[in-house]
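Report on the structure given below.
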Amino acid sequence: MQVPARVDYALRAMLELAAANPRRVSRDELAERQQLPTRYLEAILRDLGHAGLVVGHRGVAGGYEMARPAAAITVADVSRAVDGPLALVVRRRPGTVTYTGSCQHLLQVGALEGVP
């Protein structure tokens, strides 16, 4: 499995936020700590915010923080937020594929159940 740079950067940012919790961390500080391109990270943080994984605050005391506890966020959540569905099955989104019998548990891999 190949991990796109966008997912790698998002995971690294989320780990930094988890380590800093409850302190907010600025975009520039996140970029510096992980040596990530600032503009690219900004777009990733925006996507993570739209997915409800991070909250951004403006102003002098601004920065980013996790929107919910780290234990409630999966790698799959982060990947989907910045890169879309985890996989396509015969060119269909995983949530639209029907599995039966012993294969029905495949929907639970990476918390795919109920994903559009």
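Values computed for the structure shown
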| read-out | value |
| --- | --- |
| Local electrostatic count, Gly63, Cβ distance below 10 Å [Lys/Arg +1, Asp/Glu -1] | +1 |
| Lys, Arg +1 and Asp, Glu -1 on Cβ, resulting dipole of region 6-75 about Cα centre, debye, nearest 20 | 120 |
| Sulfur and carbon atoms: percent of accessible area, region 1-56 [1.4 Å] | 49 |
| Accessible surface, per residue, of region 19-64 when the full set of protein chains is kept, probe 1.4 Å, Å² | 63 |
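The values are calculated or read from the model by the stated rules, or taken from the named source; none is laboratory data. In this text the structure is predicted, and so the values were computed from the model without any measurement. Note that we place each Cβ from the backbone using ideal geometry, even for glycine, and neighbour counts take in every protein chain shown. Heavy atoms of the whole protein, side chains included, go into the accessibility calculation; ligands, DNA and RNA do not. Shrake-Rupley method; radii C 1.70, N 1.55, O 1.52, S 1.80 Å.
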